[in-house]
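The values are calculated or read from the model by the stated rules, or taken from the named source; none is laboratory data. A quick note: this is a predicted structure, and the numbers were derived from the prediction, not measured. No Cβ is skipped: glycine too gets one built from the backbone with ideal geometry, and neighbour counts run over all protein chains shown. Protein only, heavy atoms only, side chains kept; ligands, DNA and RNA dropped before computing areas. Shrake-Rupley method; radii C 1.70, N 1.55, O 1.52, S 1.80 Å.
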Amino acid sequence: MGSSLVYDLFGDVPGGIYKYFISLYWFEGIKVADLPIAAVVRIAKQSGAERVGSDGAAALVAKAEDYIAHLVKEANKFAVHAGRKTIKEEDVALAVKSL
């Protein structure tokens with residue numbers, strides 16, 4: 001399985017999301033999900049989703065991880081600007097406003 005499947009969620013690859021979901025559990029050094037799928041599915045259900053398919057859960061995990069990564073990078077900029085190495089709540093709040 002190529003690494004292009006890891007980042008190509010909605011590309012031209014038929015079933016790209018499903019293949020991404022499968023690659024989350026392969027230990028080839030390509031990609032292992034940091035967020036637990038069950039936690040993301042639970043959040044989706046608490047937000048009104050009646051059911052979440054495996055492909056939908058994989059897409060939610062990937063997008064949530066991407067959003068968190070962008071949020072942390074932005075929050076880190078605010079922390080560094082304030083002369084800190086530690087990201088604080090105020091940094092996260094400013095990062096959310098800037099995204």
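Leu71 - would you say it is open to solvent by less than 40 Å² (accessible area, probe 1.4 Å), touching a residue at least 12 places away in the same chain (Cβ under 8 Å) and either among the polar types (S, T, N, Q) or at negative phi (or both)?
yes
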Those residues of the stretch 39-60 which are within 20 Å of Val96 (Cβ to Cβ) and among the aliphatic types (A, V, I, L, M), in sequence order: Val40, Ile43, Leu60
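Conditions (1) open to solvent by less than 50 Å² (accessible area, probe 1.4 Å); (2) under 19 Å from the mean Cα position of the chain (by Cα), marked per residue:
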site: Ala33; (1), (2): yes, yes
site: Arg51; (1), (2): no, no
site: Ala57; (1), (2): yes, yes
site: Leu60; (1), (2): no, yes
site: Ala64; (1), (2): yes, yes
site: Phe78; (1), (2): no, no
site: Ala82; (1), (2): no, no
site: Asp91; (1), (2): yes, no
